[in-house]
Every structure is written in structure tokens, then in C-alpha cells.
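Here is the structure we will look at.
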Amino acid sequence: MKARTLRRHMKESLKNLARNGWMTFASVSAVTVTLMLVGVFFVIMMNLNKVATDIEEDVRIRVHIDIAATKQDQAALKKKIEQIPEVESIVFSPKENELKNLIDSLGDEGEAFKLFEQDNPLYDVFVVKTKQPEQLEQVAKKIEKFEFAYKVKFGQEDVDKLFAFIKSSRNVGLVLIVGLLFTAMFLISNTIKITIVARRKEIEIMKLVGATNAFIRWPFFLEGLMLGVLGSVVPIVLISVIYEYSYDYISGKLQGHFIHLLEFNPFMFQVAGILILLGAAIGIWGSMMSVRKFLKI
Amino acid sequence: MIEMEDVYKKYPNGVVAANGIDVRIKQGEFVYVVGPSGAGKSTFIKMMYREEKPTRGTIMINGVNLAKLKENKVPHLRRNLGVVFQDFKLLPTLTVYENVAFALEVIEEQPKQIKKRVMETLDLVNLKHKVRMLPSELSGGEQQRVSIARSIVNSPKVMIADEPTGNLDPETSWEIMKIFEEINTRGTTIVMATHNKEIVNTIRHRVIAIENGQIIRDEQRGDYGYES
């Protein structure tokens with residue numbers, strides 16, 4: 001397309017947006033509200049996912065070693081575990097270390113356990129990490145059968161519950177988002193329909209003097225695009241600001257844990273990109289839907 | 001050159017508006033299409049600029065069969081046709097100049113060419129002095145002249161007019177006819193549907209009478225043939 005023609009289309013669509021000021025405002029608001037909700041939901045979902053992954057990745061198998069095992073037995077057990085193909089790493093944690101961890105994790109009350117330092121009742125432990133979190137159970141079952149593996153523990157149940165929760169809330173959210181997107185598209189399509197009704201004569205004459213459908217469609221396409229992109233500005237700004245504050249607040253609370261939220265950069269830029277694209281898509285789709293009918297004049 | 005062969009048109013509501021129309025119109029001819037209301041005149045005219053598609057038969061205009069013309073080729077057909085209506089179909093927010101230029105802008109003509117051709121055409125219809133006015137500031141005859149200017153600004157070979165004088169008083173109608181005559185002498189074929197007995201009987205041209213979707217009379221230099 002020639003630059004001159006594109007300029008004409010731009011001028012045409014801006015003129016129409018201005019002429020139908022209130023309808024423009026209504027559609028932009030519809031997109032704004034939709035994208036705001038979609039954006040907030042998306043940010044929460046992505047962070048929940050991140051938290052779940054963090055927790056999941058932290059899940060390890062703890063193999064309590066039989067007290068009867070000698071150093072050689074321990075080494076043999078370690079070797080056998082290492083040979084399981086799904087095992088990523090194995091770390092030996094002597095019982096002194098385990099007791100110290102226990103005392104630390106209990107804080108002040110842990111002091112009571114200091115008595116046991118002389119006669120440690122805990123076991124030496126192998127901490128085993130698998131390559132994939134899903135392999136935990138399978139690997140744990142294999143290790144259970146090995147000699148001198150006294151007890152094999154892993155926290156899969158808790159993780160499963162968390163994942164089930166995230167999954168169900170994600171489904172509910174998706175339904176909501178799709179519903180909202182359709183509402184916004186419907187509103188835009190109606191806005192543009194109103195501007196088209198006003199321009200019906202113009203389209204009719206354009207067709208009579210031999211304008212192509214593509215030529216007629218362009219200004220509407222641009223209008224939809226502008227409505228959508230305009231509608232994404234407020235949600236992007238608001239969500240970024242809110243996220244920055246929440247990130248600082250929540251990260252402060254989470255300090256020292258292995259759980260982290262998604263970093264502002266690049267996460268917020270990705271969110272912004274997604275919102276702009278969604279806005280543009282809603283706008284274009286809405287306007288193209290309403291133009292289609294009128295091109296048959 | 002316009003050629004219709006065994007053209008049959010049935011609307012979805014069952015009305016048969018064209019029932020075996022055969023006609024040949026040579027380049028440069030001036031043809032009146034007459035007949036009572038609802039006889040099929042408008043359908044005849046509409047099929048020529050592919051507003052309506054025939055159910056059966058062929059319509060050739062300058063070697064193109066409109067019955068088989070693909071939807072995306074219609075714009076190119078229309079660029080070689082000028083169409084004028086009873087109700088002018090001008091855009092009320094555009095000036096006289098802009099209304100005429102519109103026809104060239106939407107087919108992406110060069111800006112220099114647009115200016116030159118619009119002014120030439122407005123000169124032909126004697127409206128050069130009113131280029132800046134809006135349609136609402138013009139009389140009916142002047143509005144129709146703008147609409148004619150728009151239809152011929154692209155120098156089409158064929159001009160199609162559907163009751164162009166239907167909304168005008170007799171005196172203004174003569175003015176419009178004078179312009180049509182002028183356009184016709186330059187070699188443009190004109191097909192004009194009309195109810196204006198006086199015009200048909202005074203400015204003699206070929207007359208095609210349509211009734212019940214059929215051509216019942218086709219005379220070189222014919223007369224209107226109906227009681228007003």
C-alpha cells in the first residue's frame with residue numbers, strides 16, 4: 001500500500017474515533033476493564049505457578065540409613081542410588097547435621113533438643129534429588145527396596161494438593177477471561193457498528209465508484225486496533241505499579257525461603273506485551289466482525 | 001459494448017424481474033429504458049453494474065461476463081462504469097470538490113491527476129464556481145450535476161443512470177439532459193431508465209420498453225409509448 005493511502009486511512013479512522021467520542025470512550029473502557037481483570041488474574045496465576053514450581057523443585061527424597069550400616073554399606077547404598085537413571089544428585093547428611101537442622105528449624109523450643117547432642121537418636125540421611133519432580137514417587141519406591149534404606153520419605157502429597165488447587169483455579173479463571181474477552185469484543189463490535197451505520201452511505205458510494213473491499217476495510221481495521229491498544233494503556237500502567245509494590249512487600253515476607261516471585265523485569269514487560277496484543281486482537285476482531293456485513297452493499 | 005443473452009433473474013422472494021432478456025447496445029449509443037413501475041427496469045440497470053447477479057444467462061460489458069465475474073473483480077468493473085441515481089447519493093459533509101475527488105481517491109489515483117481531472121469535470125457540468133459549497137447549499141439540479149461529475153470523472157466508457165431526473169423539475173431536467181447529450185457525443189454509452197415522457201419524446205434515442213421482465217419493444221428513435 002502507498003504511504004499516501006495509509007495516511008488517508010489513518011486520518012479517516014482518527015476522525016471517526018473523534019466524531020463518535022462517547023462510543024469510543026465506552027469501547028476503550030470495556031477493553032480497559034477486561035484487560036485489567038485479565039492482567040491481574042494472569043499475574044496471580046503466573047506467580048502461583050512459579051511458587052508451585054519452586055516448592056516442587058525443592059521436594060527431595062530423604063533416605064534414612066539403617067543404624068546397622070557400616071561405612072562400606074553406606075557407600076554401596078549411595079552407589080546403588082546413584083545408578084538409578086532418574087536421580088540427579090545425592091547428598092549425604094550425617095545425623096549431627098540433621099539434629100542441628102532440627103534445632104534450628106524449631107527456634108527457641110529447639111533448645112530442648114540440645115540434650116540429644118551427646119546421644120543422637122536421629123539417622124544419617126541421603127538427600128536425593130530427581131531430574132523431574134514427577135519421578136519422585138517412582139524413585140522413592142526403588143530406593144525402598146535397597147538394603148540399609150531404613151525409611152524413605154518425600155513430601156509429594158502436599159505438592160499434589162497445591163497443584164490441584166492451582167489447576168482448578170486456573171480453569172475457573174480461564175472461563176472468566178474468555179467470557180470477559182467476548183464481552184469486550186461484543187462492545188467494540190457494537191461501537192464500530194454504530195459508526196458504520198453512520199457511514200453506510202459512504203461505503204455504498206465507495207463500492208459504486210470501485211473501491212476495493214480491502215480499501216474500505218482499512219480505516220475500520222485501524223479504528224479497532226486503536227481502540228484495543230488505547231484500552232490496554234491503563235491496565236498496563238496500573239498493574240505495573242501495583243506489582244512493583246506488591247513484589248517488594250511479599251518478597252520481604254518471603255525472605256530466606258526458597259520461594260520467589262517473578263522478577264518485575266522481564267515479567268512486567270511480558271505482561272505488557274500480552275495485554276497490548278490482546279487489546280489489539282479484541283479491537284481488530286470486533287471491528288472486522290461488524291464491517292463484514294456492510295461490505296455486501 | 002453491452003450484450004445480454006437470455007438473462008433471467010429471480011429474487012429469493014420469488015419475483016421474476018428478468019425473463020429472457022436479449023439485447024445488444026453498441027459503444028456510443030444512447031438508450032432509454034422505459035416501462036411501468038415494477039416491470040424490471042431497475043433490475044435491468046442493476047445487473048449492468050453488478051449490483052444484482054442474473055440467475056441465468058450472460059451479461060457482457062466490454063468483453064467481461066458479469067454473470068461469472070468474481071466478487072473481487074467487481075471494483076474494477078465499476079471503475080469503468082459511471083452510475084447516477086435519482087437521489088444523487090452525495091456525501092453531505094464533503095464539499096462539491098471533495099465529493100467528486102472521492103471517486104478518484106478511493107481508487108488511489110495520483111493527487112496531481114485528481115485535482116486536474118476533478119476541475120475539468122466540474123467545468124463540464126458548469127459547477128466550477130461552486131467547488132467549495134456543500135451539497136445542502138445547492139439546488140437539486142446542481143446536486144445531480146455533482147453526482148454526474150463524480151460518475152464520469154474516471155472517464156468511463158459506459159454511463160448508467162437510474163431515473164436521473166426523477167427528483168427534478170422539468171426545467172432542471174432539461175439541463176441534466178443537455179449534460180448527458182454532451183457526455184454521449186464524447187463517445188460514452190449511456191443507458192438511462194426513465195419515466196419522463198417529455199424527454200424521451202423530444203430528445204429522440206433508442207427506446208427499450210420492459211414489462212414483466214421482458215423487452216416488449218426496442219426501437220431506434222422510438223417514443224415513450226405510455227400515457228405519462
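Mind giving me the FRET efficiency for A:GLU137 and A:LYS293? R0 is 51 Å, r the Cβ-Cβ distance, nearest 0.05 is fine. Don't skip to the end; give the middle numbers.
Numbers: r = 57 Å, r/R0 = 1.12.
Calculated transfer efficiency: 0.35.
Hey, what did chain B get for relative contact order, percent, Cα under 8 Å, at least 6 apart? It comes to 29 percent, rounded to a whole number.
Calculated FRET efficiency, A:PHE163 to A:MET10, Cβ-Cβ distance, R0 = 51 Å: about 0.55 to the nearest 0.05.
For segment A:165-297, the relative contact order is 49 percent, taking Cα pairs closer than 8 Å that sit 6 or more residues apart in sequence and dividing their mean separation by the residue count.
Explain nothing, just the number: relative contact order of segment A:60-154, from Cα pairs under 8 Å at least 6 residues apart, as a whole percent. All intermediate terms of the calculation are to be shown ahead of the outcome.
Details: 139 pairs, mean separation 48.4, N = 95.
Worked out over segment A:60-154, it gives 51 percent.
Taken one residue at a time, the phi angles of segment B:8-16 give Karplus couplings (6.51, -1.76, 1.60, θ = phi - 60°) of 10, 9, 10, 7, x, 7, x, 6, 9 Hz. Gly and Pro are set to x. Gyration tensor analysis over the Cα atoms of segment B:89-155 returns equivalent ellipsoid semi-axes of 18, 12, 10 Å (largest first, whole Å).
Residues whose amide H comes within less than 5 Å of that of B:ASN19, counting only those at least five positions distant or on another chain, are B:LYS9, B:GLN214 (H built at 1.01 Å from N in the peptide plane).
The largest-to-smallest principal axis extents of the Cα set in chain A are 97, 40, 33 Å. Note that segment B:50-57 has calculated 3J(HN,Hα) couplings of 6, 6, 10, 9, x, 6, 8, x Hz, one per residue in order, obtained from phi through the Karplus relation 6.51 cos²θ - 1.76 cosθ + 1.60 (θ = phi - 60°); glycine and proline are x.
Please compute the alpha carbon radius of gyration of segment A:7-111, then divide it by the globular-protein estimate 2.2 N^0.38 Å. Two decimals is fine.
Numbers: Rg = 30.3 Å, N = 105, 2.2 N^0.38 = 12.9 Å.
Taking the Cα Rg and dividing by 2.2 N^0.38 Å, one obtains 2.35.
In this simple spin-label model, placing a label point 7 Å from the Cα along the Cα-to-Cβ direction at both B:LYS197 and B:VAL15 gives a separation of 2.5 nm. Within the straight-line cut-off of under 12 Å between alpha carbons, the aspartates and glutamates reachable from A:LYS142 are A:GLU82, A:GLU86, sequence neighbours fewer than 8 places apart in one chain being disregarded. Simple rule: put +1 on each Lys or Arg Cβ and -1 on each Asp or Glu Cβ in the protein assembly as shown, find the dipole, and look at A:MET288, A:ASN49, A:VAL209; the Cα lying farthest toward the positive end is A:VAL209.
Using a cut-off of 14 Å between beta-carbons, work out the net charge of the residues near B:GLU182 (Lys and Arg +1, Asp and Glu -1, B:GLU182 not included). Show your work: numbers first, answer last.
On the way: positive: B:ARG145, B:LYS178, B:ARG186; negative: B:GLU120, B:ASP123, B:GLU175, B:GLU181.
The answer is -1.
Across segment A:20-36, coupling constants 3J(HN,Hα) worked out from phi with the 6.51/-1.76/1.60 Karplus curve, θ = phi - 60°, read 9, x, 5, 5, 4, 4, 4, 5, 4, 5, 4, 5, 4, 4, 4, 5, 4 Hz, and Gly and Pro carry x. A dipole drawn for segment A:4-88 from +1 and -1 charges on Cβ atoms has a positive end, and of A:ALA26, A:HIS64, A:VAL87 the residue lying farthest that way is A:ALA26.
The radius of gyration of the Cα set in the protein assembly as shown, together with its Dmax, comes out at 39.8, 130 angstrom. In segment B:99-194, the alpha-carbon atoms span a convex hull of 99 Å³ per residue.
Highest mean first, how do A:188-195, A:236-243, A:114-121 rank when packing is the count of other Cβ atoms within 10 Å averaged over residues?
Details: A:188-195: 21.6, A:236-243: 16.1, A:114-121: 9.9.
Taking the mean over residues of other Cβ atoms within 10 Å, the ranking is A:188-195, A:236-243, A:114-121.
B:LYS9 sits among other residues whose Cβ lies under 12 Å from its own Cβ, and their net charge, with Lys and Arg +1 and Asp and Glu -1, is +1.
Annotation: amide H-H contacts under 5 Å for A:TYR150 (H modelled 1.01 Å from N, sequence separation of 5 or more, or interchain): A:HIS64, A:ILE65, A:ASP66.
Evaluate the charge dipole of chain A about its Cα centre and quote only its size in Debye, nearest 20, assuming +1 on the Cβ of each Lys and Arg and -1 on the Cβ of each Asp and Glu. Show your work: numbers first, answer last.
Values: 37 positive and 32 negative charges, 657 e Å.
The calculated dipole for chain A is roughly 3160 debye.
Across the residues of B:101-109, average count of Cβ atoms on other protein chains within 10 Å? Numbers along the way, then the final one.
Numbers: counts 0, 5, 6, 1, 7, 13, 6, 8, 0.
That works out to 5 on average.
Annotation: aspartates and glutamates with alpha-carbon distance below 16 angstrom to A:LYS114 (same-chain offsets under eight excluded): A:GLU96, A:GLU98, A:ASP104. Site pair A:GLU144 and A:GLN270 shows an inter-label distance of 3.7 nm when each label is modelled 7 Å from Cα along Cα→Cβ. Rounded to the nearest 20, the Cβ-based charge dipole of the protein assembly as shown about its Cα centre (Lys and Arg +1, Asp and Glu -1) stands at 2480 debye. Placing unit charges on the Cβ atoms of the charged side chains and taking the dipole of segment B:89-155 about its Cα centre, the candidate lying farthest along the positive direction among B:ASN154, B:VAL125, B:ALA103 is B:VAL125. Extents of segment A:60-154, taken as max minus min of Cα coordinates on every principal axis and listed largest first, are 41, 29, 17 Å.
Bear in mind that the values in this text are calculations on the coordinates, not laboratory data. Quick caveat: nothing in here was measured; it's all calculated off a predicted structure. Ideal geometry is used to build each Cβ from the backbone, glycine not excepted, and the neighbour counts take in all protein chains shown.
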